[in-house]
1. Filter segment 141-186 down to the residues that are loosely packed, with under 15 Cβ neighbours inside 10 Å, without any contact (Cβ under 8 Å) to a residue 40 or more places away in the chain, under 24 Å from Arg129 (Cβ atoms) and not small (Gly, Ala, Ser) and list them by number.
2. Scan segment 102-121 residue by residue and report those that are of a type outside the set (Ser, Thr, Tyr) and under 22 Å from Pro183 (Cβ atoms).
3. Where the second residue is surrounded by fewer than 17 Cβ atoms within 10 Å (Cβ to Cβ) and part of a helix (DSSP H, G or I) and the first is modelled with pLDDT under 90 and lies in segment 363-374, which pairs have Cβ atoms under 7 Å and are six or more apart or on separate chains?
4. Quick check on segment 396-409: of everything there that is touching a residue at least 40 places away in the same chain (Cβ under 8 Å) and surrounded by 20 or more Cβ atoms within 10 Å (Cβ to Cβ), which residue is farthest from Met306 (Cα to Cα)?
5. Hey, any hits in segment 278-292 for a residue that's of a type in the set (Val, Ile, Thr) and within 43 Å of the chain's Cα centre (by Cα)?
6. Could you please find all residues in segment 295-310 being within 18 Å of Asp361 (Cα to Cα) and assigned to a helix (DSSP H, G or I)?
7. Search segment 288-328 for residues being surrounded by fewer than 17 Cβ atoms within 10 Å (Cβ to Cβ) and hydroxyl-bearing (Ser, Thr, Tyr), and hand back the single one that is modelled with the highest pLDDT.
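The values are calculated or read from the model by the stated rules, or taken from the named source; none is laboratory data. Since the model is a prediction, treat every value here as computed from it, not as a measurement. Here the Cβ positions follow ideal geometry from the backbone for every residue, glycine too, while neighbour counts run over all protein chains shown.
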Amino acid sequence: MQLRSLSPFKGLSLACLGISLPTITIALLSVMVAGCDYRLLFTATAAPSAEAISPSAQENPDPVSEAIAHATTAANLTQSARTWEEWDRVAQHWLEAIARLKTVSIEHYHWDFAQQRIPKYQKNLTYARQQFDRLDPLKPALTKGGRASQITRVALHKRDWNKGVQAWQDAVTQLQIIPPTYPQYALVQQKRVEYERNLTFSKQQLLQFHPFYQGIAKAEEAKQGAETASTMEQWEKVSLLWKQAIALLVSISPDDDKAILAAPKIKEYESYLTAVHQQIAQLDPYNRAVAQVESARKLEKTAYSMGEWEAVRGEWQKAIAHLKNVPTSHSQSALAEQLLAESQLNLAYAGQQVRQSDPFDRAIATAESATKLTKSAFSLYDWNTIASQWQEAIALLQSVPPTHGKHPLVAQKITAYQAALDHAIQQSRQGLQPFSTSSPPRHSLAKTPL
């Protein structure tokens, strides 16, 4: 490829330049680089020999002479430049030529020439740089890096990160082929570090889609959930995470390099899943209800006193509460509804037994019976029976525990019942025989002096 801007005066004579050249090599070289055919110049004006150049000129080279030397080299290299390295050398010589011309002082006899050449050399430099840019190996690397950045910026799925990894790998490979002689090699190294870091990150993101690492991630999530789980619903979520982790590890192909790592993990996760199932069983409202029902039925078989029947009633209440918490989605939902109906009937029966065994209520009932008999009492037998009922009523009141809701009325009732008992005893003493009972009732007060 040939730079047309480097030879605008090709084939012209000295007169076309419009300048008067001294008989020195500098002038000849100036005209040659300006564009005229150097062979024509040498035939028109003889160049001075090397001996004619003074030692002082060799020791202190003229900036115009140096500029023309660089320009000549640039023009010659342009004729065969094909690669970015060659165009870079061309550009460097044009830069040097321009730099030398800019140092020419206004007093220099070729100052006008230097001022005319600077914009022309600048134009040639621009062209050389354009050719360099066209072949610049860094440009495709930056283009590939930009494409990779766009892919990874919006990547969500496995296929996206696969594309991202490939794109970053292509960009890194493009940078690796750039030699250290590249003009901006420091930038190449900087980009290489950046692209390799992005490549590593993309590979890590891609690994997240491997079933082994997905299983590990699910297991970590399950462990975190287990630390705070307290309800059945929370433990069921933990159970689901362990099941997902196990399923992912099981899906790994036997020829996968992660298969050997997955095998012990599967056993470990299965043990964790078993422990979670135990937690769920303990918190399952249906299971807890069944346990309470069994406990209530066991207590019911031997219940006699009010306290024992209250314990039975408490067990039925707990069972009902658990059964009401069984969700409709539960596998035993239908059985739970049936058991709930049965438990409510049993709770009502236990409540009746509590009331019937309540010492205060029984005392009141016994006192009412004694009062009723008193209205029609006539014989000694009647008064003995009445006295026995008052004794039993007083004994029942004395057995009322302090925690009973009506315990504050006990003392008042005992006083009243004792007076009624005394009256019945007096009535019996007025009969044909002294008061006595062949078999005093349980907790009878007849044994104690009145």
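1. Matches in segment 141-186: Thr143, Pro179, Pro180, Tyr185.
2. Hit for segment 102-121 is Lys102, nothing else.
3. Between residues of segment 363-374 that are modelled with pLDDT under 90 and residues that are surrounded by fewer than 17 Cβ atoms within 10 Å (Cβ to Cβ) and part of a helix (DSSP H, G or I), there is no close pair.
4. Leu396
5. yes
6. Those that are within 18 Å of Asp361 (Cα to Cα) and assigned to a helix (DSSP H, G or I): Met306, Gly307, Glu308, Trp309, Glu310.
7. Thr302
The rows are residues; the columns are (1) at pLDDT 90 or above; (2) in a helix (DSSP H, G or I); (3) within 21 Å of Leu142 (Cβ to Cβ); (4) of a type in the set (Phe, Trp, Tyr).
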{"site": "Lys163", "(1), (2), (3), (4)": "yes, yes, yes, no"}
{"site": "Trp168", "(1), (2), (3), (4)": "yes, yes, yes, yes"}
{"site": "Tyr195", "(1), (2), (3), (4)": "yes, yes, yes, yes"}
{"site": "Leu199", "(1), (2), (3), (4)": "yes, yes, yes, no"}
{"site": "Leu206", "(1), (2), (3), (4)": "no, yes, no, no"}
{"site": "Tyr213", "(1), (2), (3), (4)": "yes, yes, no, yes"}
{"site": "Gln224", "(1), (2), (3), (4)": "yes, yes, no, no"}
